[in-house]
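Enquirer: Attaching a single structure in structure tokens format; questions to follow.
Derivation of every value follows stated rules applied to the coordinates shown; laboratory data play no part. Fair warning: this is a prediction, and the values are worked out from it, not measured in the lab. Cβ sites come from the backbone with ideal geometry, for glycine too, and all protein chains shown count toward neighbours.
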């Protein structure tokens, strides 16, 4: 019985990791728990008391080793096991904890333009009805006070995607050949090539082609905020439905209705983009050096 994963998708958030998790699970040689984002290596042994909107995402993280190991108890003999928790890239503690428990784990990183990632996080939080501010530029100005008040890390929109310093923490404790780094553009533009390389990296049949027709977890602005709040926030009606409808079916129905209530094509405010260029431009240049890729187009 497996107790630990052979590979871990450590990030980045809003860079296709939900889709990646679903496509990896399709491989017949791969076992991944249904639960995405257990966040164990970010919060091992901690007592969690996150505040603010959407705090349950953090507070429901697995913090006990036995619970985490239990995720892999149903893995078939010989399966290559994995999990996906994009928070691991952000977490300063995660690299050492992963190194301690699974030193030979293969680590997978998909990096998105952090400027676009920050706005995508805002749209996602808006869709989930946990972002009370409608203006992204104003939300960028609220980052410091929100994080100081104990809100979850995603609300530090421009602090969350500092990939150079985050990836450097992994390079300091793992051989680089254990870390698979690609960009969101690689994932979108050449997915078949990416999966051949990725399957080879984790040691399964590289010729398997997952069904990539479904594109999950898109962010966006609700067409009707009252309906979105009803769908996403606990209320007497949704609690009553929860008593008779299985959780997975309930969430699938909720997400389908929410998708129909979402406008996906959104343009970042010019002022917000300029703020993010100033805050993240140096990070992008440092990342270019770290991974040896030209990322200048991310600043255009």
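Enquirer: So if we plug the beta-carbon distance of residue 271 and residue 147 into 1/(1 + (r/R0)^6) with R0 = 22 Å, what FRET efficiency do we get, rounded to 0.05?
Expert: Rounded to the nearest 0.05, the efficiency is 0.55.
Enquirer: Something else about it: According to a simple spin-label model (label point 7 Å from Cα along Cα-to-Cβ), what is the distance in nm between residue 96 and residue 293?
Expert: 2.9
Enquirer: Also, I was wondering about something else. At a Förster radius of 45 Å, what calculated FRET efficiency corresponds to the Cβ-Cβ distance of residue 178 and residue 137, to the nearest 0.05?
Expert: Approximately 0.70, to the nearest 0.05.
Enquirer: Starting from the Cα-Cα distance between residue 67 and residue 46, subtract it from 0.36 nm times their residue separation and give me the gain in nm to one decimal.
Expert: 6.2 nm
Enquirer: Mind sorting 64, 14 by how few other Cβ atoms lie within 10 Å of their own Cβ, fewest first?
Expert: Ordered by Cβ neighbours within 10 Å, fewest first: 64, 14.
Enquirer: Give, in nm to one decimal, the length gained when the segment between residue 192 and residue 56 is fully stretched (0.36 nm per residue of separation minus the Cα-Cα distance).
Expert: 45.4 nm
Enquirer: Still on this structure, I have one more. So for 173, 102, 181, fewest C-beta neighbours within 10 Å to most, what's the order?
Expert: Least crowded to most crowded, the residues run 173, 102, 181.
Enquirer: Full-extension gain between residue 165 and residue 206, please, as 0.36 nm times their residue separation minus the C-alpha to C-alpha distance.
Expert: Net length gain for the segment: 11.6 nm.
Enquirer: Work out the FRET efficiency for residue 215 and residue 300 from their Cβ-Cβ distance, taking R0 = 30 Å, and round it to the nearest 0.05.
Expert: 0.75
Enquirer: In which sequence would 177, 283 go, from the one with the fewest C-beta neighbours within 10 Å to the one with the most?
Expert: The fewest-first ordering by Cβ neighbours comes to 177, 283.
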